[in-house]
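The structure appears below as structure tokens.
Each reported figure results from applying straightforward, stated rules to the coordinates on display, with no laboratory input. Keep in mind it's a predicted model, so treat the numbers as computed, not measured. Virtual Cβ from ideal backbone geometry, glycine too; neighbours counted across all protein chains shown.
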Amino acid sequence: MTERTERDTEHGLSPEAQAWLEMLKANPQPPAPEPDDIEAWRALVAVTSAPELADAIGLATTGAVATGVPVEVHTVDLPNAVVHVGTPEGLAPDDRRVLLSVHGGAFTVGGGAATRAATGFVAGAYGVTAWSVDYRMPPDHPFPAALDDCLDAYRALLESHDPASVAVGGVSAGGNLTAALLLRLQEEGLPMPCAAVLNSPCADLTLSGDTLVNDATGDVAGLTNNLKLYTGDHDLTDPHLSPLFGRIGDDWPPTILFTGTRDFLLSDTVRMHRKLLAAGVRAELHVFEAAPHGMFGGNAPEDRLLVAQARQFLEAAWNEGAKT
């Protein structure tokens, strides 16, 4: 048993979480292509879009867990993208609750087959209809394409659903897009959803948070090229890119945030939580011991606990919305 595994056992980590940390240690993130090497990026996107990786990437980029619940999935066309809609088996016909799920993946991974696979995991884990946005991504579609697609998906939801029955959530880049979407809804005067889940959100693309500046995990070097590809020459303090710099309105929904002590976006998550509290938003922050960015791949008891806590938070918001 290695020194790290011994220490993790002492900290009460599950065997699955320990195995995930050992896997990350043995397989460090390869360097991303340079932002101007478009062909290399297209090749990377093709590799990560392989059907045999869809389940693993779908779990890792949504923070969901596999439950084995059968889910029926169909596709809705947006103006420039698609949404996969998943309905779990046994859901009551009159249950109108929806979780609009925005996948992570450093703005470049998690689309296509992975988004479709994620739809089943999210719907099964949360016991409601899931709308998974398969938004456009770099290298062919940099900012603001992804955010525009998320807004289109939310507009489509409003055509058939009361916003009190809609929650939104995302992991990492998906957390960034979720928070940026809420800012866009404020600006356009659209009704807010009843709740939001920000799981390790990349809230500040200037990378000025303490855990990014100190980079104790060694993961930041693999992130910067992805962000440059997504942002191009745009001002990184633009709230649509860095929601931490946005104005939090009175109608911002109750929000639950998740991170871990080994998450390089711990600071982004903590700072976003503090900003929401300062604006008077009901916000909960949950920090998992020894959890890296994205938790443990959706395969550990700790992942299931995160989903259970998020589900409890969302169900309370849905129940409150049903009373209004």
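Give a quick list of trypsin sites (Lys or Arg not before Pro) in segment 182-275 that DSSP marks as loop, anything other than H, G, I, E or B, with at most 15 other Cβ atoms within 10 Å. Please list the in-between numbers first.
Numbers: sites: 184, 228, 247, 262, 271, 274, 275; in loops: 247.
For trypsin sites (Lys or Arg not before Pro) across segment 182-275 that sit outside H, G, I, E and B with at most 15 neighbouring Cβ atoms in 10 Å, the list reads 247.
Going by a ≥ b ≥ c, the root eigenvalues of the Cα gyration tensor, does segment 252-313 fall in the rounded group (a/c under 1.5), the prolate group (a/b larger than b/c) or the oblate group?
It comes out oblate by the Cα gyration axes.
Distance between Cα centroids, segment 82-149 to segment 250-324: provide it in whole Å.
After rounding, the separation between the Cα centres reads 18 Å.
Using the Cβ atoms and a cut-off under 15 Å, what net charge is assigned to the surroundings of residue 46, where Lys and Arg are +1 and Asp and Glu are -1? It would help to have the intermediate numbers written out before the result.
Working: positive: 42; negative: 37, 39, 52, 140.
My count for the surroundings of residue 46 gives -3.
Let me check against my output: what whole-number percent is the relative contact order of segment 187-278, with C-alpha pairs under 8 Å and at least 6 apart? Let's see the in-between values first.
Values: 103 pairs, mean separation 44.8, N = 92.
It rounds to 49 percent for segment 187-278.
How much length is gained on full extension from residue 27 to residue 96, taking 0.36 nm per residue of separation minus their Cα-Cα distance?
20.6 nm
In deg cm²/dmol, rounded to 500, what helix-only [θ] at 222 nm does the chain give when every DSSP H run of at least 4 residues adds -39500 (n - 2.57) and the total is split over its residues? Each step should come with its number before you reach the end.
Working: 11 runs with 134 residues, N = 324.
Roughly -13000 deg cm²/dmol at 222 nm, from the helical runs in the chain.
Under 4 °C and 1.567 mPa s, how fast does segment 128-180 diffuse according to Stokes-Einstein, given a Kirkwood radius computed over C-alpha pairs? Answer in µm²/s, whole number.
110
Normalise the Cα radius of gyration of segment 32-323 by 2.2 N^0.38 Å (N = residues in it) and let me know the number.
Cα Rg divided by the expected 2.2 N^0.38 Å: 0.91.
For residue 240, what charge total do you get from the other residues with a beta carbon under 11 Å from its beta carbon, if Lys and Arg give +1 and Asp and Glu give -1? List each step's numbers first, then the result.
Values: positive: 184; negative: 148, 187, 235, 238.
My count for the surroundings of residue 240 gives -3.
Can you bin segment 1-160 into rounded, prolate or oblate? Criterion: square roots of the alpha carbon gyration tensor eigenvalues sorted a ≥ b ≥ c, rounded for a/c under 1.5, prolate for a/b above b/c, oblate for the rest. Don't skip to the end; give the middle numbers.
Values: a/c = 2.51, a/b = 1.21, b/c = 2.06.
Oblate.
Around residue 162, under 12 Å between beta carbons, what's the net of Lys plus Arg minus Asp minus Glu among the other residues? Walk me through the numbers on the way to the answer.
Numbers: positive: 96, 97; negative: 159.
Net charge around residue 162: +1.
Starting from the Cα gyration tensor of segment 105-237, take the square roots of the eigenvalues, sort them a ≥ b ≥ c, and report rounded, prolate or oblate (rounded when a/c is under 1.5, otherwise prolate if a/b is larger than b/c, else oblate). Walk me through the numbers on the way to the answer.
Values: a/c = 1.71, a/b = 1.53, b/c = 1.12.
It is prolate, given that a/c is not under 1.5 and a/b is the larger ratio.
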